[in-house]
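Only one structure is covered here, and it is reproduced in the block below.
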Amino acid sequence: MDRLCVYCGSSIGARPAYRDAATELGRTLADRGIGLVYGGGDVGLMGAVADATLDAGGEAHGVIPASLVDAEVAHDGLTELDVVDSMHARKQRMVDLADGFVALPGGFGTLEELTEVLTWTQLGLHDNPCGLLNVADYYADLAAFFDHQVTEEFVSPAHRAMVIVENDPEALLDRFAEYEAPPLKDVLDSPDET
């Protein structure tokens, strides 16, 4: 894995653990020689993960729409910053640059970005790992909901297995390194057929 795309909040959230995890993830990426791809902001968890990556000697590549350069205070110290025309262009560029995708705590945008790349895996548009860094059980209910979707036969076990959930950045990246996308046939099968 050369680059990891990190989706996360433009806020630091209510708990110090969220910023701590963003900082730890950034350092871990740099230590492993994995570049960061993220939303390009200098605020919240976005700024924390970028700063930690850069401070540890790693590379951070931001992608931000022109309309959000001021609102998200674009980071001016990145290895590279792409300013694009739209949110759609931002998401596509981030996918094009990355070999895996992880969500730190964040809001609606974080969830939307992660579930979109997860759906793209399901459709065979890429075969990269997707995961949740479950800081202070932030994503415990979401992971339980994914399990509920399997129980209710809207998601197959093969689809559910594509979402890697870990509490620790090292453990998450270890599992990403071992990840093999399921064969497309298995991914496209409906729950009734698995």
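Of the residues making up region 85-97, those that are over 30 Å from ASP174 (Cβ atoms), within 18 Å of the chain's Cα centre (by Cα) and either polar (S, T, N, Q) or open to solvent by less than 60 Å² (accessible area, probe 1.4 Å) (or both) number 1.
Candidates ASP76, ASP82: the one that is part of a loop (DSSP other than H, G, I, E, B), surrounded by fewer than 20 Cβ atoms within 10 Å (Cβ to Cβ) and touching a residue at least 12 places away in the same chain (Cβ under 8 Å) is ASP76. One residue stands out among those in region 98-114 that are open to solvent by 20 Å² or more (accessible area, probe 1.4 Å) and of a type in the set (A, V, I, L, M, F, W, C): the one that is farthest from the chain's Cα centre (by Cα), which is PHE108. For the condition in contact (Cβ under 8 Å) with a residue 12 or more places away in the chain, open to solvent by 20 Å² or more (accessible area, probe 1.4 Å) and of a type in the set (A, V, I, L, M, F, W, C), MET1 qualifies. If you scan region 117-135, which residues turn out to be in contact (Cβ under 8 Å) with a residue 40 or more places away in the chain and open to solvent by 50 Å² or more (accessible area, probe 1.4 Å)? Answer for region 117-135, where residues must be in contact (Cβ under 8 Å) with a residue 40 or more places away in the chain and open to solvent by 50 Å² or more (accessible area, probe 1.4 Å): GLN122, LEU123, ASP127. Contact map, region 172-183: first residue within 15 Å of LEU132 (Cβ to Cβ), second residue open to solvent by 80 Å² or more (accessible area, probe 1.4 Å), Cβ cut-off under 9 Å, separation 6 or more or different chains; pairs are LEU173/MET1; LEU173/ARG32; PHE176/MET1; TYR179/ASP127.
The values are calculated or read from the model by the stated rules, or taken from the named source; none is laboratory data. Keep in mind that this is a model prediction, so the values were computed, not measured. Note that we place each Cβ from the backbone using ideal geometry, even for glycine, and neighbour counts take in every protein chain shown. Side chains included, ligands, DNA and RNA excluded: accessible areas come from the protein's heavy atoms. Shrake-Rupley method; radii C 1.70, N 1.55, O 1.52, S 1.80 Å.
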